[in-house]
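Below you'll find the structure, written out as structure tokens, and then a few comments.
The values are calculated or read from the model by the stated rules, or taken from the named source; none is laboratory data. The structure displayed is predicted, hence computed values, not measured ones. So basically every Cβ, Gly included, is an ideal-geometry build from the backbone, and we count neighbours across all protein chains shown. Surface areas here come from the heavy atoms of the whole protein model, side chains and all, with no ligands, DNA or RNA. Shrake-Rupley method; radii C 1.70, N 1.55, O 1.52, S 1.80 Å.
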Number of protein chains: 2
Amino acid sequence: MPTEPLAKRPGGRSARVQAAVYQALTDLAGERDVTRLTIPAVAERAGVNPTTIYRRWGTLQALLAEVAVARGTDAPPSSSGDLRTDLEAYAVRTLADLTRPGGIAFFRAEVSPDIDERRSGLRECLQRATAGLDMVLEASRGRGETPPPAERLLDQIVAPLYFRVVFSVPDTDEAYARALVADLFSGTWHSAVELH
Amino acid sequence: MPTEPLAKRPGGRSARVQAAVYQALTDLAGERDVTRLTIPAVAERAGVNPTTIYRRWGTLQALLAEVAVARGTDAPPSSSGDLRTDLEAYAVRTLADLTRPGGIAFFRAEVSPDIDERRSGLRECLQRATAGLDMVLEASRGRGETPPPAERLLDQIVAPLYFRVVFSVPDTDEAYARALVADLFSGTWHSAVELH
DNA sequence: CAGCTAAAGCAGGTTGATTTGCTTTAGCGA
DNA sequence: TCGCTAAAGCAAATCAACCTGCTTTAGCTG
């Protein structure tokens, strides 16, 4: 698990290289044929020597994972004071996250070949997803409400979004994301079964 | 209908090779590091020349896709006469499908690098998923009921299962699969539907 | 059972990613 | 500013997947 902002020499060059590589990776990940998403290719586009990438990140998976984390950290979720509104915003944001160019490539990277890599990568990914959600729920609880458990929301909001994006199901748009939330509210989630 | 065993020369050798390759692929797909899941590796384990695989299937993706289809065709879904029971069986079967060894590898194969490959692969995969579901729904309609639309069931049953399996969420077991169905029945749509 | 031919095997050769030892660059602290 | 050293660059070697032309095997059919 690589250290994100490189403790040793945060100075100009390393930072520049990192930025260039991140950018190059993001660009390439958005392109059609992700088969061409390879370390030498990233290096070339970044104007950097392949060796550098090999030595600093070792594998494409690792690099992708790192960048995935980095792109996740720019979402500023603010509470509106209303659970439903917050959840809708959350759903829409999640969908946007998934559909932005290269989304699948990053997802793929996290569903990594090696089982241990995968576990840790996905755990991280899941935690990021849950974090946004928890914030919303926390706010709700702060208002004295009793929102449904996060687990349930993952199942009913995040899971369908992932599923439909991955499978390219048509009409998976913002309206659909909102509909998912609407569904929750028209239902009786109070009587939720106990998920041991 | 039995298009399975190669139209041209269904005779002994081809069939044997195919069986050996399928088996080898399945074995390897179940192992820890799927990085080692490569054509030469499959060939070696199958006791077959790599060239054979290259010529017959071309790419690992194609082979995986074919085997994925083959392993999907052994599920005999029989209707019990009760929608809920059928759905539970369907959910449990889907979960079993996903969690059986190598499940993730196959899924990964279908979330393929190339966007077109992906679309077609996933379409197929999705169609297989939907097929089982449609059968259940058809049976239900045959009984004069009005079951929820397939789309909704995909969202509320299949999607969470996929999601949780991919993300290794703990406690994603048979009981959970049933709970998903139970949820549906305690939820909204049944108010608009007569359930004997 | 004998010949035809699709499919399997084999031995190269090609391509492209990954590795390695070394040299060069350029932050950073004295 | 100067020297130290982490990190980047470079070149050549390695290694593995994948391809190609050819030979061999073995179902099938007459």
Open item on the list: Between B:Gly30, B:Gly58, B:Gly81, which is at pLDDT below 95, within 14 Å of another protein chain (Cβ to nearest Cβ) and away from DNA strand D (no atom under 16 Å from the Cβ)?
Closed with: B:Gly30
- [ ] Working only within segment A:35-60, note down all residues that are within 10 Å of DNA strand C (Cβ to nearest atom), open to solvent by less than 30 Å² (accessible area, probe 1.4 Å) and not in a helix (DSSP H, G or I).
- [x] A:Leu37
Task: Among residues of segment A:12-33, those that are part of a helix (DSSP H, G or I) and under 18 Å from the mean Cα position of the chain (by Cα), counted - done: 7
Open item on the list: If a residue must be under 12 Å from A:Thr99 (Cβ atoms), among the charged types (D, E, K, R) and not in a helix (DSSP H, G or I), how many such residues does segment A:159-179 contain?
Closed with: 1
TODO: Go through the residues of segment A:66-74 one by one and say whether even a single one is modelled with pLDDT of 80 or more, among the polar types (S, T, N, Q) and open to solvent by 30 Å² or more (accessible area, probe 1.4 Å).
DONE: no
- [ ] Tell me which residues, restricted to segment A:148-182, are under 17 Å from A:Arg128 (Cα atoms) and either away from chain B (no Cβ under 11 Å) or touching a residue at least 40 places away in the same chain (Cβ under 8 Å) (or both).
- [x] A:Pro149, A:Ala150, A:Glu151, A:Arg152, A:Leu153, A:Ile157, A:Val158, A:Leu161, A:Tyr162
Task: Close pairs (8 angstrom Cβ cut-off, 6 or more residues apart or separate chains): among the aromatic types (Phe, Trp, Tyr) in segment B:32-61, open to solvent by 30 Å² or more (accessible area, probe 1.4 Å) and more than 9 Å from DNA strand C (Cβ to nearest atom) anywhere - done: B:Trp57/B:Glu66
